[in-house]
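Visitor: Sharing a structure here in structure tokens format.
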Amino acid sequence: MIRRLEESSGNVLGWEVTGKVTEEEVRTLSEEFKAAVAEHGKVRVLVRMRRIPRMGLGAWVEDFKLTPYAKDVERYAIVSDSNLFEWTSKIAEAFIGGEVRRYEDSLYEEAWRWLRS
């Protein structure tokens, strides 16, 4: 499931990802993301995940369609206690146009402050 976080506003966007992710959920996230890029030019993104989500092929295809927009991300915060996200943040740096940081879940508010600074 993908849920947009209530702290999102303007060009600062956040989503929590849990459990199984559907193609439709990724499509909705994609539309929100593209609309923010169209309005603001650059965006800052926070993704909160407890573990790697389960995604079907359709969801992966929709997610992959966002790749050309990675250059429009100024800052990207990954919030998770899972050590698996240590390497995903390194991979993200290769695709994201801006800075990428990983935060432990206890530093959730700090991640939002960094995005807004």
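Visitor: Any residue in region 4-16 that is among the hydroxyl-bearing types (S, T, Y) sitting within a Cβ distance under 7 Å of a residue that is buried (at least 20 other Cβ atoms within 10 Å of the Cβ) and assigned to a strand (DSSP E or B)? List the pairs, counting only those 6 or more apart or interchain.
Guide: Between residues of region 4-16 that are among the hydroxyl-bearing types (S, T, Y) and residues that are buried (at least 20 other Cβ atoms within 10 Å of the Cβ) and assigned to a strand (DSSP E or B), the close pairs are S8/G14.
Visitor: Look through region 90-106, keep the residues that are buried (at least 16 other Cβ atoms within 10 Å of the Cβ) and among the aliphatic types (A, V, I, L, M), and return whichever of them is farthest from L13 (Cα to Cα).
Guide: Restricting attention to region 90-106, the residues satisfying the condition of being buried (at least 16 other Cβ atoms within 10 Å of the Cβ) are 92, 96, 98, 100-103.
From what's left, among the aliphatic types (A, V, I, L, M): 92, 96, 100.
Working: A92: 17, I96: 15, V100: 14 Å.
It comes out as A92.
Visitor: Just checking, does region 85-99 include any residue being under 17 Å from F33 (Cβ atoms), touching a Ser or Thr at 6+ places or on another chain (Cβ under 9 Å) and of a type outside the set (D, E, K, R)?
Guide: Checking region 85-99: at least one residue is under 17 Å from F33 (Cβ atoms), touching a Ser or Thr at 6+ places or on another chain (Cβ under 9 Å) and of a type outside the set (D, E, K, R).
Visitor: Among the helices (runs of 4 or more DSSP H) confined wholly to region 44-117, which include 2 or more residues that are in contact (Cβ under 8 Å) with a residue 40 or more places away in the chain and not aromatic (F, W, Y)?
Guide: On the way: elements: 57-64, 84-95, 108-116.
Per the criteria, 108-116.
Visitor: Additional query: Within region 1-55, can you find the residues that are of a type in the set (G, A, S) and either modelled with pLDDT under 95 or surrounded by 15 or more Cβ atoms within 10 Å (Cβ to Cβ) (or both)?
Guide: S8, G14, G19, S30, A36
Visitor: Report every pair of residues separated by at least 6 positions or lying on different chains whose Cβ atoms are under 7 Å apart, first residue within region 25-38 and closer than 15 Å to S8 by Cα and among the polar types (S, T, N, Q), second assigned to a helix (DSSP H, G or I) and modelled with pLDDT under 95.
Guide: Within 7 Å, the pairs are S30/E62.
Visitor: If we scan region 1-19, do we find a residue that is assigned to a loop (DSSP other than H, G, I, E, B), touching a strand residue (DSSP E or B) at 6+ places or on another chain (Cβ under 6 Å) and of a type in the set (D, E)?
Guide: Looking through region 1-19, at least one residue is assigned to a loop (DSSP other than H, G, I, E, B), touching a strand residue (DSSP E or B) at 6+ places or on another chain (Cβ under 6 Å) and of a type in the set (D, E).
The values are calculated or read from the model by the stated rules, or taken from the named source; none is laboratory data. Small disclaimer: the values here were computed from a predicted structure and weren't measured. Because the Cβ atoms are built from the backbone with ideal geometry, glycine has one as well, and the counts that use them run over all protein chains shown.
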